[in-house]
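Encoded as C-alpha cells, the structure appears first; notes follow it.
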Number of protein chains: 2
Amino acid sequence: MNSLERLIQEISRLPGLGKKSATRLAYHLLSGDAVDAQRLGILLQGLHEAIRPCSRCGSFTEDDPCPLCSDRGRDHTTICVVEHPQDVAVMEASREFQGVYHVLGGVIAPIEGVGPGDLTIGALLRRARDEKVREVIIATNPTVEGDTTALYVAQQLRELTKVSVTRLALGLPVGADLEYADRLTLARSLRGRTLLGEDT
Amino acid sequence: MNSLERLIQEISRLPGLGKKSATRLAYHLLSGDAVDAQRLGILLQGLHEAIRPCSRCGSFTEDDPCPLCSDRGRDHTTICVVEHPQDVAVMEASREFQGVYHVLGGVIAPIEGVGPGDLTIGALLRRARDEKVREVIIATNPTVEGDTTALYVAQQLRELTKVSVTRLALGLPVGADLEYADRLTLARSLRGRTLLGEDT
C-alpha cells in the first residue's frame, strides 16, 4: 500500500467520511500545494501535545487550567455539566452562560460498558463540595443515556451537597414547525410551557 | 488562535467540509489516540514527497514511471486521456481498460483562464507520434468544457498523427430509470443506440 492509499485509509476512518470522500480529499491535498498538506500534517502531529484536557473542568485547552476556569470574571458558583469537550464550545457559542464547566467524558451506558466510574463524576462531586458552588446545570444530551446520567449525577450531588441541580429545558427548537415536531418533544414542550412574556 | 482552532480552520478549507464538520473531525482526532492523529499528520507531511506525478502519464505515483506505464502486460498502443489523476483510479476500478493513461491536468476553460497551453496536450501529441499508439480514447467529463477539450485534442491528434481518436459513450447509467433521465442524456443514448446483444 502506498502513501496515497494509506492516507485514504486513514481519512476514511474519520466519522462521516466514507471511502469516496476520503479519496476526494486525498487527491485534493495531493493536487494542491505541498505546504498546505504539510501545515495540516504538522498541526495533526503536534495536536495532542499542544492541546490537553483542563485538569479542572476537562475541556480541551493549551493552558492549564483553561482560560474559562482561570477567568475571574466568570461565575464560579455555577457549573454546567456536559458530556464532551466540544459541548463546551457549543455552549459558549450561545453566549448565554457565564459560569464554568465540567466535562463528564461521556454518559452512563451499561451496554457499551460505561459505568459511573468511567466518568468524572467523582471530580464533579469534589468540586461541588469544595468550591463555593450554588448551582449545577446538567446539560447532557436529551437521550436515554443522557437523561439517565443526569438523574444519577443529580442524585449524587443531592446526597453529598446542598447545591441546586437543574437541567436544560426541553421543547421546540426555535424556528420549528409544529407539524414536524415529534410527539415526545411536543409533549415535553407542553409540559414545560412558560408564561407568555416570561422568557425573553 | 490555538492549535485546535487552527486545525479546524485548515480542515474547513478542504472541499465538502464546512465549519461544523471540521469541528467535529478536530474534536474526534483530539478525543482519540494521539498516535492516530500523529500517523495522519506524518502521512500528510510526507505526502507530496512520497507521491509525485508520473513523468510519462501524469498520474500520481511513488515510482517514476508509474506502475501502469511500466507494466509491459498492458496495451501501450491505446492511451486513455483523462482530466485529473484521480480519474485514472476511477477508470482502473472499472477493470475494463487494459491500455495506458494520459492526464491532461484539467480542461480548457477560457473563463477560468485555462487554455490549451496549460494542459499536457503537447506531451500527449509527442506520445501519440513517438510511441506506437493506435488509439486515443478521450475520457474527459461529458460537460461543456470536457467536450470542448475532447474536440480540441482530437483535432490536434488528427492533424499530427494517424491514430484513431474515440470518446467514451454517452447514455443512460446502468440501473437508471427512464423517468428520471434528463432530456439530453436520453437524446444521446437514443442517438448512440446499439444493436441488441452487441454490448455484453
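The values are calculated or read from the model by the stated rules, or taken from the named source; none is laboratory data. Quick caveat, the model's predicted, so the values are computed rather than measured. Neighbour counts run over all protein chains shown; Cβ positions are idealised from the backbone, glycine included. For the accessible areas, the whole protein counts, side chains as well, though only heavy atoms, and no ligand, DNA or RNA atoms are used. Shrake-Rupley method; radii C 1.70, N 1.55, O 1.52, S 1.80 Å.
Just a few scattered comments:
- All positions within the stretch B:106-144 that are more than 19 Å from the chain's Cα centre (by Cα) and buried (at least 19 other Cβ atoms within 10 Å of the Cβ): B:ALA128, B:VAL133
- Scanning the stretch A:61-81 for residues that are in contact with a Gly (Cβ under 9 Å, 6 or more places away or on another chain) and assigned to a strand (DSSP E or B) returns A:ASP75, A:HIS76, A:THR77, A:THR78, A:ILE79, A:CYS80.
- The residue that is modelled with the lowest pLDDT, among those in the stretch B:166-189 that are within 25 Å of B:GLU135 (Cα to Cα) and of a type in the set (S, T, N, Q), is B:SER189.
- A:LEU195 fulfils the conditions (1) within 24 Å of the chain's Cα centre (by Cα); (2) exposed (fewer than 10 other Cβ atoms within 10 Å of the Cβ); (3) not assigned by TED's automatic domain parsing to the domain that holds A:VAL103 except for a single criterion, (1).
- When B:SER70, B:SER94 are checked against the criterion of being more than 7 Å from every other protein chain (Cβ to nearest Cβ), under 22 Å from A:LYS20 (Cβ atoms) and open to solvent by 30 Å² or more (accessible area, probe 1.4 Å), B:SER94 stands alone in meeting it.
- Against the criterion of being at the interface with chain B (Cβ under 9 Å from one of its Cβ atoms) and either surrounded by 14 or more Cβ atoms within 10 Å (Cβ to Cβ) or of a type in the set (D, E, K, R) (or both), A:ASP75 does not qualify.
- Residue match in the stretch A:14-30 (condition: open to solvent by 30 Å² or more (accessible area, probe 1.4 Å), part of a loop (DSSP other than H, G, I, E, B) and more than 9 Å from chain B (Cβ to nearest Cβ)): yes
- The stretch A:32-49, residues that are facing chain B (nearest Cβ under 7 Å) and among the small types (Gly, Ala, Ser): A:ALA34, A:ALA37, A:GLY41, A:GLY46
- Subset of the stretch A:1-13 [more than 7 Å from chain B (Cβ to nearest Cβ) and basic (Lys, Arg)]: A:ARG13
- Flag if A:VAL81 is at pLDDT below 95 and under 21 Å from A:ARG126 (Cα atoms): no
- The condition (being of a type in the set (Lys, Arg) and modelled with pLDDT of 90 or more) is satisfied by just one residue among B:ARG129, B:ARG193: B:ARG129.
- Checking the stated criteria, A:LYS162 turns out not to satisfy the condition of being touching a residue at least 24 places away in the same chain (Cβ under 8 Å), loosely packed, with under 12 Cβ neighbours inside 10 Å and over 21 Å from A:GLU83 (Cβ atoms).
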